[in-house]
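Data block below; observations after.
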Amino acid sequence: MIGRFGVRPAAVGIALAALALAGCNSASTPIPMQAPTAQSIAGLTPSGKVTMTQIFAGGMGVGTGALTFNGKTYPFKVLGTVLGPGSVSKVSVTGDVYRLDDPSQFSGVWVEGTGAVGLETAQTSDLWLQNKAGVVMHLTGTQTGVTLSLGKDEIFIKLGAPS
């Protein structure tokens, strides 16, 4: 059965379990413990571009996006969590990808720890994300709606075949 956002409910459960396990503070954590900053990419040339849209309801978000890398465009699906009471919002962002050598480094869990703590309403988004492979995304765009967050969110990306 396919859910409202084109995602199988079982896939949502698996992704949420993966995100919950990813939040554990152990040495084998699949995500970095600190989010990147502008200093993390100082002097680096972007290796790709990303566009992404996510819709959040409660503590979970779903969305789609596209990675452009080496002249090819790779669609992807996104499942995300908001650490805190949750959100009713839509986020649309674009930006650069750094330290990506191969598309296989893109799928997986990403941490975004530079979000605002507290109540957010419609605003400009400035997101810094990083995954275990050390790939960094700097995304800017807009958020409409309301989010009550503790400022550290995670997303799971599944990359599709290039077009």
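The values are calculated or read from the model by the stated rules, or taken from the named source; none is laboratory data. Just so it is clear, the model here is predicted, and its values are computed rather than measured. With ideal geometry, Cβ positions are generated from the backbone for all residues, glycine too; neighbour counts draw on all protein chains shown.
Structural remarks
- Condition broken by residue 105, with the remaining ones in (1) within 18 Å of residue 135 (Cβ to Cβ); (2) exposed (fewer than 14 other Cβ atoms within 10 Å of the Cβ); (3) out of contact with any strand residue (DSSP E or B) (no Cβ under 7 Å at 6 or more places or on another chain) satisfied: (2)
- Among (1) closer than 17 Å to residue 129 by Cα; (2) modelled with pLDDT of 90 or more, the one test that residue 75 misses: (1)
- With respect to being modelled with pLDDT of 90 or more and basic (Lys, Arg), residue 152 falls outside the description.
- Applying a threshold of 7 Å to beta carbon distances and a minimum spacing of six or more residues, or different chains, the list of pairs starting in segment 45-71 at a residue that is more than 20 Å from residue 88 (Cβ to Cβ) and ending at one that is of a type in the set (Gly, Ala, Ser) and in a loop (DSSP other than H, G, I, E, B) reads 69/47.
- Qualifying residue in segment 54-61 (condition: buried (at least 18 other Cβ atoms within 10 Å of the Cβ), part of a helix (DSSP H, G or I) and either under 15 Å from the mean Cα position of the chain (by Cα) or at pLDDT 90 or above (or both)): no
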